[in-house]
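What follows draws every value from the coordinates through simple rules; no lab data is involved. Computed from a prediction, not measured in an experiment: that's the story for all the values here. In this analysis, Cβ positions are derived from the backbone assuming ideal geometry, glycine residues included, and neighbour counts consider all displayed protein chains.
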Amino acid sequence: MKLVAGMAKGVAVFHQPRVVVEHTVAEDIEAERARVYSAFRKMREQIDTMTREAEFGTAGEHQEILETYKMFAYDEGWSRRINEAIDSGLTAEAAIERVQQRTRARMREIDDPLLQERMHDLEDLSNRLMRIVSGRFGTAAQTGLAKDAILIARNLGPAELLEYDKRRLKGVVLEEGSLTAHMTIVARAMGVPVVGRVEDIRHIVSEGEPLLVDGDLGLVVVRPTRTMTQSFDQRMAVGQKRRAEYAALKSKPAETLDGQRITLMVNAGLAEDAAMLDASGAEGIGLFRTEFQFLISASLPGRESQQRLYKSVLDAAAGKPVVFRTVDIGGDKALPYLMDEKDESENPAMGWRALRLSLSRSTLMKAQARALIEAAAGRTLSVMFPMVSEPWEYEEARALFDEQLAWCQSSRRAVPSKIEYGAMLEVPSLAEMLDELLPRIDFLSIGTNDLTQFLFAADRADPRLADRYDWLSPAILRFLKRVADKVEGSGVTLRLCGEMGGRPLEAMALIGIGIRNFSITPAAVGPIKAMVRSIDAGQVTHKMTAMLARPPREFRKALADWARRHRVALG
Ligand code: PEP
Ligand code: MG
């Protein structure tokens, strides 16, 4: 499945590396036996916990895999063979490896696909046992990447991905993954292509093997032949040419054929991202995800370090607007050092996250408010609050900022020349309260990533739901059109900052329902501008109105056919 577009070449690196056995000869056989016993005990505990959690629907592993794991974990034959290998004088690590090699050889002789599959599970378990026994739990990020790397994992969290060296990390291949999971968003921001839902990749490929990753087609080539690499290189060159064409559009306006101006800003989250502004030709940063700084830190970033980051972003933006979103922590952006305990709620995306958490942890929010106010001294500060569900939450957050501003003024500190406040619309309930909210805000930013998951009740990080619902569905588009109609004429700027806006066909549909401001991933600025410059907004509006009044069964296909007939540049 295509998660992040782009093409990459490199060697396979396992996110959780296989342990390399350094010592094979045991000095003390009984000590080695004790190590293996204790490792088995720990491994069984882990598997039992995972199975228990899976029964209540919280574990990531699938039930069936866990059942097999459990069977192997308690298999007496396996532990006996390891023990025998220790008797012959091997260290615990060497014994586990020896038994694994022999099992692998035996299984290879049996021509049974079902058994081969079980072998994968046993390999996984054997690796787990090895990591426990050797105490090596680190990821490949900790050991560092030696060459251009394609990272292989079952799944990754956004913080785990951010730990990798961006210069060496060329691509990611996952067994799971979904389009709007934060890890995918981070990868998109880093410009790292990602292919997801590649079943069994951890067993098909070995560490260090060459790989080709095609995020445009959603393909991964393992052990490519020379001809495959050549044709890949050719396609990569075509991609570069297209990027050069997009770059040529940089100084051209994002204006439709009938003269409608569209604003294209970018989403960012790291200090370096601000440099992308110039390269992409975007008009500003429409969403700066301040929680990324929290995700990459080992402990809570202090007010001074927050202030330094915000100031450096404003400096790099050189007068272009930057919209800072207060921290959106929680959900799939969990912070071990901030949460009192592991979030055990069944549904963290709908739980104690974003503004809910910030308002209850007011010291955290006060520090962020002060950092933002002082960083923007003498300039315009734009602040927006995530996950506002009812207007009073916005009011509380706003009051907290007003209080900090008043404090800065009374202690004669330099303050921003102007502060603009906005809310994200990503919880459907807020759409019903716009009459109350609009007079209080300067801008409203639609977060389609969360909005979609709440409208469809479909977890944005669940790989099984990743392609079940389409952004080009009448349900979402009608909802958004009602929002756009309500905001129209209120003087409030309406912007859309979810991943949906970075896809040409989707963005075209959004223009057709009245959205004119977008904040998108930097790599999408070129393709979206090309699309904008190829459409007649009046015609698109007409088409969308008709399609939403009487939706065709295959909405996406009907719209794509129409776009092709009208020569819309869809990339
Ligand atoms: C969204 O929900 O659409 C959004 C832009 O915010 P995030 O992806 O960070 O939740
Ligand atoms: Mg969101």
**Message:** Taking the number of other C-beta atoms within 10 Å as the exposure measure, put 332, 561 in order starting with the fewest.
**Reply:** 561, 332
**Message:** Could you tell me the calculated FRET efficiency between residue 545 and residue 458, based on Cβ-Cβ distance and R0 = 30 angstrom, to the nearest 0.05?
**Reply:** 0.65
**Asked** Once you mark the chymotrypsin sites (Phe, Trp or Tyr not before Pro) that are in a DSSP loop and have at most 16 other Cβ atoms within 10 Å, what is the longest gap between them in the chain?
**Response** 138-336
**Asked** Which aspartates and glutamates have a Cα lying under 19 Å from the Cα of residue 241, excluding residues fewer than 8 positions away in the same chain?
**Response** 214, 216, 233
**Request:** Go ahead and collect, in residue order, the members of the stretch 181-213 whose backbone nitrogen is under 19 Å from a label point 7 Å along the Cα-Cβ direction of residue 229.
**Result:** 205-213
**Normalised per residue, the volume of the convex hull around the Cα set of the chain (Å³)** = 172
**Asked** GluC sites (Glu not before Pro) within the stretch 468-571: which are DSSP loop residues with at most 11 other Cβ atoms inside 10 Å?
**Response** 488
**Cross-link pairs 311/366; 320/557; 2/70; 320/543; 147/250 - those with Cα-Cα distance over 28 Å** = 320/557; 2/70; 320/543; 147/250
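Residue separation times 0.36 nm, minus the C-alpha to C-alpha distance between residue 565 and residue 475: what's the value?
Extending this stretch completely gives an extra 29.9 nm.
Which loop-located GluC sites (Glu not before Pro) does the stretch 186-282 contain, where loop means any DSSP state but H, G, I, E or B and the Cβ has at most 14 other Cβ atoms within 10 Å?
Filter output for the stretch 186-282: 199, 207.
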**Complete:** 1/(1 + (r/R0)^6) with r = Cβ-Cβ of residue 243 and residue 304, R0 = 45 Å, i.e. FRET efficiency to nearest 0.05, evaluates to 0.70
**Prompt:** Mean residue ellipticity at 222 nm from the helices of the chain, using -39,500 (n - 2.57) per DSSP H segment of n ≥ 4 over the full residue count, to the nearest 500 deg cm²/dmol?
**Reply:** -14500 deg cm²/dmol
**Request:** Could you pull the Cα extents of the stretch 453-571 along its three principal axes, largest to smallest, in whole Å?
**Result:** 37, 35, 34
**Prompt:** Using modelled amide H (1.01 Å from N, peptide plane; none on Pro or chain starts), what sits under 5 Å from the amide H of residue 90, excluding residues fewer than 5 places away?
**Reply:** 26
**Request:** Take residue 71, project a point 7 Å from its Cα along the Cβ direction, then tell me which residues of the stretch 90-132 have their backbone nitrogen under 13 Å from it.
**Result:** 114-122
**Per DSSP, loop trypsin sites (Lys or Arg not before Pro) in the stretch 203-281 with at most 16 further Cβ within 10 Å** = 250
**Message:** For the chain, take the longest principal axis of its alpha carbons; what is the angle in degrees between that and the long axis of helix 362-375, to the nearest 10 within 0 to 90?
**Reply:** 60
**Message:** Angle check, please: helix 226-248 long axis (alpha carbons) against the longest principal axis of the chain (alpha carbons), in degrees 0 to 90, nearest 10.
**Reply:** 20
**Request:** Determine, at each q value in 0.12 (inverse angstroms), the log₁₀ of I(q)/I(0) that the Debye formula gives when each Cα of the stretch 249-565 is one equal point scatterer.
**Result:** -0.82
**Asked** From a point 7 Å beyond the Cα of residue 420 in the direction of its Cβ, which residues of the stretch 445-466 have a backbone N at a distance under 20 Å?
**Response** 445-448
